[in-house]
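The values are calculated or read from the model by the stated rules, or taken from the named source; none is laboratory data. Because the structure is a prediction, the values reported are computed rather than measured. Cβ sites come from the backbone with ideal geometry, for glycine too, and all protein chains shown count toward neighbours.
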Amino acid sequence: MIRTHEAGTLRPAHVGKTVILAGWVARRRDHGGVIFVDLRDASGIVQVVFREELAEAHGLRNEYCVKVTGEVRERPAGNENPELPTGAIEIVATELAVLSEAAPLPLPVDDHVDAGDDVRLKYRYLDLRRSGPAKALRLRSSANQIARKVLHERAFLEIETPTLTRSTPEGARDFLVPVRLQPGTWYALPQSPQLFKQLLMVSGMERYYQIARCYRDEGFRADRQPEFTQLDIEMSFVTQDDIIDLGEAIVGALWGELAGYTVQTPIPRLTWHDAMARYGSDKPDLRFGLELNELTEYLRGTEFRVFAGAIDAGGYVGAVVMPGGAAQTRKELDGWQDWAKARGARGLAYVVLDAETGEARGPVAKNLSADHLNGLADAVGAKPGDAVFFAASANRREAQELLGAARLEIGKRAQLIDPDAWAFCWVVDAPMFEPAEDGGWTAVHHPFTSPNEEWMDRFEEAPDRALAYAYDIVCNGNEIGGGSVRIHRGDVQKRVFDTLGITPEDAADKFGFLLEAFQYGPPPHAGIAFGWDRICMLLTGADSIREVIAFPKTGGGFDPLTGAPTPITAQQRAEAGVDAKPKAPAAAGTAGGAAPVERAG
RNA sequence: GCCCUGUUAGCUCAAUGGGAGAGCGUCCGCCUGUCGAGCGGAAGGCCGCCGGUUCGAUCCCGGCACGGGGCGCCA
């Protein structure tokens, strides 16, 4: 080692020692006769003092990489810096060696200044010299270690699966890789290791996990990147409760060690239907209350056409209260209409309750009967001075989701959310099916998800109501993990395919290799996948998963650092087989099969 | 694919239908106790790109590109 100590570890106990440090010039304060340099390495910062004997220190510039020899000294009285862990001491330099110089910086390497995203990404290696971004990567490394420890203690095997695999057109869009040796054929990058982990259960591995890179070619967001990471887990001979217990052990260890927060277990569970009814979301943010109120029965018989139409169609009318919302200006109330329209709704009906009299006012109020208005406050739990927002639709879920989004927006605007709070829940008993565009049914989770015990023998009778052994874990309104019990019985699988309208031929074409494997004594198995980037984002307090990824891409899937993606040369194009014509239109088994993916992340 | 929003000095951001600004950074000088040091000076700009309106456009209009946020998509 070319240094004897790490800068950030020096304390008064080191006073009198001669140390050799190596790191970067974080900041300098040149007084002519004396120069102070903040020397930064991975451990932190310490102040180095150069006196006139080391006049070459005048030439130091920000981010020069240097080696300094000096003596640790207590700082003169009154000159301590309580903001630095090393602030009680300083290094009086006796030797200075410039290991490498730094050109003028394209962005400030400064904890106090934040540059724009694209500049930060282009010079991410400089961005990561800052304490905040560096800390995020350190935390992620710790999270990986914690998860591995929990799983290793429970006899899980860490197994890698292919990243060049088979296309899965029924899920998200795949990223495709042309195959030089067989022009016209393509690999896909996996959307998740879902199929492989199920095959590993057939193999008798029994307990599998992987910190797996996954790829999905869809729109990107603050919490979605084209490549992302899942902590992927699968177990044999277990029930839903076993997976939930394991999930709680992992989440408990992560939050305990990295957030100093004791997760209360068991983590509350609510059913998917309860989550939708009470919070208008399948990933409810439980940091605040403000539950939705269904008014379908209360308002039955109303003459207000918007509500009556939804009720008569067998739909839903509901409301959510905005505490103090009556104080909003007309402009703010109109703003809600734009907000709702941006979400594809027609608008957001509301009444405001007069702060003095409690009288209901607003454009909708004159459409409601006196009885309906008089009982409204009690029906929705509103007080004078509140606003009540309504949603009505023939489609129950649509109306609930609008109210759920309004609830979140109210939570933000009315500052009902404690930013330091952690609120976990499991959302269980998700529906197996939802209506498909063609009038049939499509799998909500994926077609290998088992119906729960209640519906095992009769899900065909009411596919719209059948429930699955599928579960999501939610933290502060973010889905951080999800999984299911898988179907391992051929007869059940066949019935599910029948309900989905998948013929045996389709099934063989799409999932043939998995179904074949399931002919050879597949064990009952279940699993879960955690959205690792999101979890690390929450644990670091970041507002984008980009902060916990070493070299992330922009929203357009562009990497400002490397410039990827790039055009290819004519020779690369010729060799890659990109332009090869398919030999025959989609022979059986080569058309690519739909592969289910775990929903987390 | 759609909506909102931004793009002005290396970075962060002002301003204006007619002469382009600040802070930080950079370069030069001064300075022995600072800690986002201070003081003085200097350099540094296709005002994102293309087109239109106008006597004249960084500013107004249209298109495009790129960034950010959201919807759809992912599920």
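Annotations
- Residue under evaluation A:A93, criteria (1) closer than 25 Å to A:H446 by Cα; (2) surrounded by 13 or more Cβ atoms within 10 Å (Cβ to Cβ), criterion not met: (1)
- Residues located in segment A:415-451, provided they are away from RNA strand B (no atom under 14 Å from the Cβ) and in contact with a Pro (Cβ under 6 Å, 6 or more places away or on another chain): A:C425
- Contact annotation: residue pairs with Cβ atoms under 7 Å, 6 or more positions apart or on different chains, pairing a residue in segment A:52-81 that is polar (S, T, N, Q) with a partner that is assigned to a loop (DSSP other than H, G, I, E, B) and exposed (fewer than 15 other Cβ atoms within 10 Å of the Cβ), are A:N62/A:L105.
- For segment A:112-134, a residue qualifies if it is exposed (fewer than 14 other Cβ atoms within 10 Å of the Cβ) and within 11 Å of RNA strand B (Cβ to nearest atom), and the qualifying residues are A:H112, A:V113, A:D114, A:G116, A:D118.
- Enumeration of residues in segment A:214-228 that are of a type in the set (S, T, N, Q) and in contact with a Leu (Cβ under 9 Å, 6 or more places away or on another chain): none
- Residue match in segment A:514-530 (condition: free of Cβ contacts under 8 Å to residues at least 60 places away in the same chain and surrounded by 15 or more Cβ atoms within 10 Å (Cβ to Cβ)): yes
- Qualifying residue in segment A:264-273 (condition: within 16 Å of RNA strand B (Cβ to nearest atom) and either within 30 Å of A:N374 (Cα to Cα) or crowded, with 20+ Cβ neighbours inside 10 Å (or both)): no
- The number of residues in segment A:67-94 being over 46 Å from the mean Cα position of the chain (by Cα) and closer than 11 Å to A:Q47 by Cβ comes to 4.
- Count of residues meeting criterion [farther than 12 Å from A:V34 by Cβ, more than 6 Å from RNA strand B (Cβ to nearest atom) and surrounded by fewer than 16 Cβ atoms within 10 Å (Cβ to Cβ)] in segment A:49-70: 3
- Just one residue in the set A:A313, A:A327 is at pLDDT below 95, hydrophobic (A, V, I, L, M, F, W, C) and under 18 Å from A:D386 (Cα atoms); that residue is A:A327.
- Pick from segment A:244-267, criterion within 20 Å of the chain's Cα centre (by Cα) and assigned to a loop (DSSP other than H, G, I, E, B), ranking: nearest to A:C536 (Cα to Cα): A:A259
- Residues in segment A:199-240 that are of a type in the set (S, T, N, Q) and more than 16 Å from RNA strand B (Cβ to nearest atom) were compared, and the one that is nearest to A:Q145 (Cα to Cα) is A:Q210.
- Total residues in segment A:440-455, condition at pLDDT 95 or above and hydrophobic (A, V, I, L, M, F, W, C): 1
- Hits in segment A:58-71 (condition: within 22 Å of A:H5 (Cα to Cα) and either assigned to a loop (DSSP other than H, G, I, E, B) or at pLDDT below 95 (or both)): A:L60, A:N62, A:E63, A:Y64
- For segment A:173-184, a residue qualifies if it is surrounded by fewer than 17 Cβ atoms within 10 Å (Cβ to Cβ) and more than 33 Å from the chain's Cα centre (by Cα), and the qualifying residues are A:R180, A:L181, A:Q182, A:G184.
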